[in-house]
Amino acid sequence: MHVDVDRLREDIEANARFGAVDASEGVGRTVLTGSEADRQVRERFVERLDAAGLSVRVDPVGNIVGRWEPDGCDPDAAPVAVGSHLDSVPRGGIFDGPLGVYAALESVRAMQSADVSPDRPVEVVSFTEEEGGRFGTGTLGSSVASGQRPAAEALSLTDDDGVSLEAALRQIGFGGDDTVEAGRWDSWVELHIEQGTTLTDAGAGVGIVDSITGITNCKVRITGEADHAGSTPMDERTDALAAASEFVLDLERAGRECAETSDAAVATAGKGTIAPNARNIVPERVELDLDIRDSDHDTMTRMVERCRESLTRIAADRGVETSLDRYRDSEPTPCSDRFLSAAGTAATTAGVESVRLSSGAMHDTANVAAVTDAGLLFAPSEGGYSHSPREWTDWDDCAAATAVLAETVRALASA
Ligand SMILES: [Zn+2]
């Protein structure tokens, strides 16, 4: 099979013109769900599906599917689905999402050109609001398609101006009434940029993801005493921020230690507030939001335990009150064995060097994996930049990873 690098590049470049932003550092775009740019990317995608002879359907939350029924396939067989998303973060890159959507379409076109006629239908998919850039909830469309969230609940989500997803989709003509049910798919594959440097460091052309990270979020509260910053001697203070600083260093230590045995382990205190937050008052209260991830759930729990131990110690040492609320806990998602074996063979067939790795970022694939065999491939990211106009993947690298995707889909659809 031959992946046409020029055709793929034209698709991604044409898609990138909608919502394009001025950026001296690279090429960027802003495509928020329900915006004019979103209408344009969707309409063009539908045109391209049409041009390749795929029949298009759109579900109530705006997920778009193009279906290819090759001659000689069993139209009643469960289809193999392949795709990603077309929305972006504000000032995002041009590959995050669109590469996976247009590589999916290119895979179908490559099979058509090579007269490959798989046994199963193939569905090319673009999920709505993967980034959560407008309605605040990431991987939204796939959560509905995989039955984890009722469509009505998603449609009633509102943006900062109170506009609902339902109204936004109606505005651009993409609130459909067709059915998209991931549970009916035989299998699912997504190609995405890595958003890290494992592939470029290894000189590999494709990453075969064996698991998608689990995520735990915790709210940590540390309470001391507000006092006058001038008249309170150092040994009479109960400074919540000084205590929180010790905690953050303990968190970093826990992350580093767990990373020695589990590559994907990371621990971050990325958000915080100080009260009263005044230059001349000793801080009374600090709240931190923690993001703890790994491909192993026990390791995530170990990092949380280390946080609790740290808080107990700091409370005893400094006289502060502490609490930790683990308010979110998503387990890591393993990719299916069927996918791993198909993708390994596909990389060999396509002559592309592959590495196994885990994904530290969340993807639609994690939702779909709950209801069918699912897998995720990575293409190299220059410098690891993403969610930024600096995001880049060379066109030949896009084509090589797409060739692996196409071979993987062919294998899955031929069984
Ligand atoms: Zn993405």
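The values are calculated or read from the model by the stated rules, or taken from the named source; none is laboratory data. Since the structure is predicted, the reported quantities are computational estimates derived from the model, not experimental observations. Reconstructed Cβ throughout: ideal geometry from the backbone, glycine too, with neighbour counts over all protein chains shown. Protein only, heavy atoms only, side chains kept; ligands, DNA and RNA dropped before computing areas. Shrake-Rupley method; radii C 1.70, N 1.55, O 1.52, S 1.80 Å.
Only one of the numbered conditions (1) within 30 Å of Ala399 (Cα to Cα); (2) crowded, with 18+ Cβ neighbours inside 10 Å is not met by Arg293, and that is (1).
Considering only residues in region 149-172 that are in a loop (DSSP other than H, G, I, E, B) and in contact with a strand residue (DSSP E or B) (Cβ under 9 Å, 6 or more places away or on another chain), the one that is farthest from the ligand (Cβ to nearest atom) turns out to be Ser156.
Output the residue which, of all residues in region 95-112 that are more than 16 Å from the ligand (Cβ to nearest atom) and not charged (D, E, K, R), is farthest from the chain's Cα centre (by Cα). Restricting to residues being more than 16 Å from the ligand (Cβ to nearest atom) and not charged (D, E, K, R), the top hit is Gln112. Within region 243-263, the only residue that satisfies the criterion of being open to solvent by 70 Å² or more (accessible area, probe 1.4 Å) and not in a helix (DSSP H, G or I) is Asp263.
So which of Ile281, Ile208, Ile212 is within 22 Å of the chain's Cα centre (by Cα) and either more than 16 Å from the ligand (Cβ to nearest atom) or farther than 30 Å from Ser146 by Cβ (or both)? Going through Ile281, Ile208, Ile212 in turn, the sole match is Ile208.
Return yes or no: is Gly133 within 14 Å of the ligand (Cβ to nearest atom), surrounded by fewer than 24 Cβ atoms within 10 Å (Cβ to Cβ), touching a residue at least 40 places away in the same chain (Cβ under 8 Å) and closer than 20 Å to Thr365 by Cβ? Spelling it out, Gly133 is indeed within 14 Å of the ligand (Cβ to nearest atom), surrounded by fewer than 24 Cβ atoms within 10 Å (Cβ to Cβ), touching a residue at least 40 places away in the same chain (Cβ under 8 Å) and closer than 20 Å to Thr365 by Cβ. Filtering Glu382, Glu391 for residues that are of a type in the set (Asp, Glu) and within 14 Å of the ligand (Cβ to nearest atom) leaves a single hit, Glu391.
Where strands (runs of 3 or more DSSP E) fall wholly inside region 316-415, the ranges with 1 or more residues that are aliphatic (A, V, I, L, M), modelled with pLDDT of 95 or more and open to solvent by 20 Å² or more (accessible area, probe 1.4 Å) are 321-330, 354-359.
The sole residue among Gly138, Gly72 that is open to solvent by 10 Å² or more (accessible area, probe 1.4 Å), within 11 Å of the ligand (Cβ to nearest atom) and modelled with pLDDT under 95 is Gly138. I'd like to check something: does region 151-163 contain any residue that is closer than 26 Å to Pro121 by Cβ and among the hydroxyl-bearing types (Ser, Thr, Tyr)? No, region 151-163 has no match at all. Residues of region 97-148 that are assigned to a helix (DSSP H, G or I) and more than 15 Å from Trp68 (Cα to Cα): Pro98, Leu99, Gly100, Leu140, Gly141, Ser142, Ser143, Val144, Ala145. Only residues that are in a helix (DSSP H, G or I) and of a type outside the set (Asp, Glu): list them for region 199-215, please. Across region 199-215, the qualifying residues are Leu199, Thr200, Ala202. Does Ile208 qualify as being open to solvent by less than 20 Å² (accessible area, probe 1.4 Å) and under 18 Å from Leu340 (Cα atoms)? Yes; evaluated as a whole, the condition is true for this residue. Report whether or not Val266 is closer than 30 Å to Arg356 by Cβ, of a type in the set (Val, Ile, Thr) and surrounded by 15 or more Cβ atoms within 10 Å (Cβ to Cβ). So Val266 passes the test. Given the structure, is Gly147 small (Gly, Ala, Ser), under 25 Å from Phe378 (Cβ atoms) and open to solvent by 40 Å² or more (accessible area, probe 1.4 Å)? It is false that Gly147 is small (Gly, Ala, Ser), under 25 Å from Phe378 (Cβ atoms) and open to solvent by 40 Å² or more (accessible area, probe 1.4 Å).
Could you tell me whether any residue of region 189-198 is part of a loop (DSSP other than H, G, I, E, B), within 15 Å of the ligand (Cβ to nearest atom) and crowded, with 23+ Cβ neighbours inside 10 Å? Yes, there is a match, as at least one residue in region 189-198 is part of a loop (DSSP other than H, G, I, E, B), within 15 Å of the ligand (Cβ to nearest atom) and crowded, with 23+ Cβ neighbours inside 10 Å.
Might you check whether a residue that is touching a Gly at 6+ places or on another chain (Cβ under 8 Å), aliphatic (A, V, I, L, M) and free of Cβ contacts under 8 Å to residues at least 24 places away in the same chain occurs anywhere in region 142-162? Yes: one or more hits.
The set of residues in region 80-94 being more than 9 Å from the ligand (Cβ to nearest atom), assigned to a loop (DSSP other than H, G, I, E, B) and surrounded by 24 or more Cβ atoms within 10 Å (Cβ to Cβ) consists of Leu86, Gly93, Ile94.
Which ones in region 111-128 are among the hydroxyl-bearing types (Ser, Thr, Tyr) and at pLDDT 95 or above? Passing the criteria: Ser113, Ser126, Thr128.
Looking only at region 216-241, filter to residues that are surrounded by fewer than 20 Cβ atoms within 10 Å (Cβ to Cβ) and part of a strand (DSSP E or B); which one of those is nearest to the ligand (Cβ to nearest atom)? The qualifying residue nearest to the ligand (Cβ to nearest atom) is Asn217.
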